[in-house]
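Accompanying notes for the structure given below.
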């Protein structure tokens, strides 16, 4: 059904099952953050995809890319 990468081990399952609300919240926050850190966004590819949308001009594209860069804490140079 699903690959083994998306499944948790029995040991991890038992640890989660024994956690209280605070511990579980910390655990899942860590899992989420790990996923975010391992999924970098390529701003150049994103720029290209957004620019292909009909009605998005250069000025609006630069505004969108600046907003995305600010959200991800990176600096995007507008052309």
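Only the coordinates and a few stated rules stand behind these numbers; no lab work does. This is a predicted model, so every value here is computed, not measured. Glycine also receives a Cβ, built like all others from the backbone with ideal geometry; neighbour counts cover every protein chain displayed.
Couple of notes before you dig in:
- Any hit, the stretch 36-54, residues being surrounded by 10 or more Cβ atoms within 10 Å (Cβ to Cβ) and not in a helix (DSSP H, G or I): yes
- Pairs where the first residue, in the stretch 7-19, is free of Cβ contacts under 8 Å to residues at least 40 places away in the same chain and the second is in a helix (DSSP H, G or I) and surrounded by 10 or more Cβ atoms within 10 Å (Cβ to Cβ), C-beta under 7 Å, 6+ apart: 16/24; 16/27; 19/27
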